[in-house]
1. So, in Å, what gap is there between the alpha-carbon centers of segment 213-274 and segment 1-58?
2. So which chymotrypsin sites (Phe, Trp or Tyr not before Pro) in segment 213-274 pass both tests, a DSSP loop state and at most 14 other Cβ atoms within 10 Å of the Cβ?
3. Output ³J(HN,Hα) for segment 201-216: one whole-Hz value per residue in order, computed from phi by the Karplus curve 6.51 cos²θ - 1.76 cosθ + 1.60 with θ = phi - 60°, and x for Gly and Pro.
4. Once you keep just the Cα pairs under 8 angstrom separated by 6 or more residues, what percentage relative contact order results for segment 14-273?
5. What fraction of the DSSP beta bridges in segment 139-274 is antiparallel, stated in percent and rounded to the nearest 5?
6. With each run of n ≥ 4 DSSP H residues scored as -39500 (n - 2.57), what mean residue ellipticity at 222 nm is computed for the chain after dividing by its residue count and rounding to the nearest 500 deg cm²/dmol?
7. Among the DSSP beta bridges whose two residues both lie in the chain, what percent are antiparallel, rounded to the nearest 5?
8. Restricting to lysine pairs 8 or more places apart or on different chains, what number in the chain have Cα atoms under 27 Å apart?
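Taken together, the values in this text are just the output of simple stated rules run on the coordinates, not laboratory data. The structure presented is a predicted model; accordingly, all values stated were derived computationally and were not measured. Neighbour counts are summed over all protein chains in view; Cβ atoms, including those assigned to glycine, are modelled from backbone coordinates with ideal geometry.
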Amino acid sequence: MFLPLPEPGATPVRAMTIAGSDSGGGAGIQADMRTMALLGVHGCVAVTAVTIQNSLGVKGFHEIPPAVVAAQMEVVITDIGIQAAKTGMLASAPIIEAIAETWREVAADVPLVVDPVCASMHGDPLLHPSALDALRTQLFPLATLVTPNLDEVRLLVDVDVVDEESQREAARKLHALGPQWALVKGGHLRSSDTSTDLLFDGTEFHYFPVERVDTGHDHGAGDTLAASISCALAHGYSVTEAVAFGKRWITECLKAAYPLGQGHGPVSALFRLR
Ligand code: PXL
């Protein structure tokens, strides 16, 4: 369940989140940093957008200029150094292009988890529709792993995942866009008590059945899963090991989810403090 912790005073393993800020603290950068910290990983940040949101939804967002996103990445990666990164909300095509260009220049060999965030759980858009192509053509080919949810799968490769066969078809189509691995979540498939995620490397299908946790509070679940996978990759785990680890972590975070405000509460990594 946990990753090796650093000794006090020793420099921890570092991971970077390239993502948006959630003013409500449940998702985005705030969720990523919480998971990184509670797994003993030093989290670094390239902020892409500042959302104005609470538990009821996203009221709007302010985009960070692409050059500022790129500069955050560059100064951190060339000084502090990172062993893995993840992307979340990227907002626009110019931001995605700046991230991809910088990644190719300074981090080409670092494991990268791309969580292709398109909308909030309330359906509020977090990515301009015109940016889908940049995601597919610029960022996916750089990814070690992509982790779309089923709505994102539909937008990206036009597959409705309703059963195991369509889940495999989605994995094949996502993999064809260039990432080394594609994870197709089974979280929204309602046919069984377990949720089975499918991981594909272009050759073999790997299945990850996990206990389904029914909670009304799952804000930040996708972010937390991708962040925990990036932490395990930063520690040198293989992709299959890192996904297995991430599934265990998000299951515990879902069990610990709590109500917040008048709407949806977040998944919680805080269980780790007990
Ligand atoms: O959970 C996806 C997500 C990612 N990043 C930010 C968000 C959300 C969902 O609301 O606000 C900033």
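1. Centre-to-centre distance over Cα atoms comes out at 12 Å.
2. none
3. Listing the rounded values in order: 10, x, 10, 10, 9, 10, 9, 10, x, 9, 4, 7, 10, 8, 9, x Hz.
4. 19
5. Around 75 percent antiparallel, to the nearest 5.
6. Dividing the helical sum by the residues of the chain leaves -10500 deg cm²/dmol.
7. Among the beta bridges of the chain, antiparallel pairing accounts for roughly 45 percent.
8. Number of lysine pairs found: 10.
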